[in-house]
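Only one structure is covered here, and it is reproduced in the block below.
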Amino acid sequence: DIQMTQSPSLLSASVGDRVTLSCKASQNIYKYLNWYQQKLGEAPKLLIYYTNSLQTGIPSRFSGSGSGTDYTLTISSLQPEDVATYFCQQYNSWWTFGGGTKLELK
Amino acid sequence: EVLLQQSGAELVRPGSSVKISCKASGYTFTDYYMHWVKQRPEQGLVWIGRINPANGNTVYAEKFKSKATLTADKSSNTAYMQLSSLTSEDTATYFCTRWDFWGQGTLVTVSS
């Protein structure tokens, strides 16, 4: 099974900051990686698919990059409504989710 | 508009079974796999498995092979997941998802 490791598990940042979240796969996942945002009490919401494609309706301050085993989600200018937990997910071999990064305001 | 509408919260006894539903609308039900995901309180997401609504073929994650049963009814555009031999470890919110759209989640509480 492919394991997904996200870091950090908790991130505190200020409004306007550039924020980078990391996700590492236990083997090459060939860019088959999605990023989801989950706010408290809600279902996950797709932000980025296939590493760097922005889902319709998602603000352009969100972007994704990576290849092989290492992937990142970047928020170019943090907004208050971005407070949430972010999950990466590989779909190269069935599905596996990372443990999540909880993003809070400093 | 794609919508996945799940059934309501369930309170069930240890050792029993529960069947939750996910009604799809806004797209052709048989064109997409339906996946199910488990989330325990304050924890991450765990993939349970998927069903192909077009032919009923299923794939399960190893740890759910004897726990979950996925079915789909093409006539009503509804996917189902049955969980059996419930224990406190099964207390969680369960989501159905196409991958890009998610249901609102169904909370299953196992308690005597």
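The values are calculated or read from the model by the stated rules, or taken from the named source; none is laboratory data. Quick caveat, the model's predicted, so the values are computed rather than measured. Glycine also receives a Cβ, built like all others from the backbone with ideal geometry; neighbour counts cover every protein chain displayed. Side chains included, ligands, DNA and RNA excluded: accessible areas come from the protein's heavy atoms. Shrake-Rupley method; radii C 1.70, N 1.55, O 1.52, S 1.80 Å.
Note on chain A: with charges restricted to the Cβ of Lys and Arg (+1) and Asp and Glu (-1), its dipole about the Cα centre is near 100 debye.
In this structure, the pairs whose alpha-carbon distance is over 25 Å, taken from A:39/B:74; A:45/B:38; A:106/B:38, are A:39/B:74; A:106/B:38. Charge dipole of the protein assembly as shown (Cα centre as origin; +1 on each Lys and Arg Cβ, -1 on each Asp and Glu Cβ, all else neutral): 220 debye, rounded to the nearest 20. Taking the Cα centre of chain B as origin and assigning +1 to Lys and Arg Cβ atoms and -1 to Asp and Glu Cβ atoms, the resulting dipole is close to 240 debye.
Sorted from greatest to least, the principal axis extents spanned by the alpha carbons of segment B:34-112 come out as 36, 25, 23 Å. Ranked by solvent-accessible area (1.4 Å probe, protein heavy atoms only, all chains present), the residues B:99, B:47, A:94 order from largest to smallest as A:94, B:99, B:47. A cut-off under 14 angstrom between Cβ atoms defines the neighbours of residue B:112, and their net charge, with Lys, Arg +1 and Asp, Glu -1, is 0.
Rg to Rh for chain A: what is it, with Cα atoms only and Rh by Kirkwood? Using Cα coordinates only, the ratio equals 0.94. When only alpha carbons of the protein assembly as shown are considered, Rg and Dmax amount to 17.5, 51 Å. Our coupling estimate for segment B:35-43, obtained by passing each phi through the Karplus curve with A = 6.51, B = -1.76, C = 1.60 and θ = phi - 60°, is 9, 10, 9, 9, 9, 6, x, 6, 10 Hz, Gly and Pro reported as x. Derived scalar couplings between HN and Hα for segment B:87-103 equal 10, 4, 5, 8, 5, 5, 9, 10, 10, 9, 7, 7, 2, 9, 10, 10, x Hz in order, rounded to whole Hz, by the Karplus curve 6.51 cos²θ - 1.76 cosθ + 1.60 (θ = phi - 60°), x for Gly and Pro. Compute a Gaussian network model of chain A, connecting alpha carbons closer than 10 Å, and tell me which residue from A:58, A:29, A:48 fluctuates the most. Judging by the Gaussian network model, the answer is A:58. What residue among A:70, A:82, A:17 has the largest mean-square fluctuation in a Gaussian network model of chain A, using Cα springs under 10 Å? Top of the fluctuation ranking is A:17. Once the Cβ-Cβ distance of residue A:1 and residue B:75 is raised to the sixth power relative to R0 = 35 Å, the FRET efficiency obtained is 0.50.
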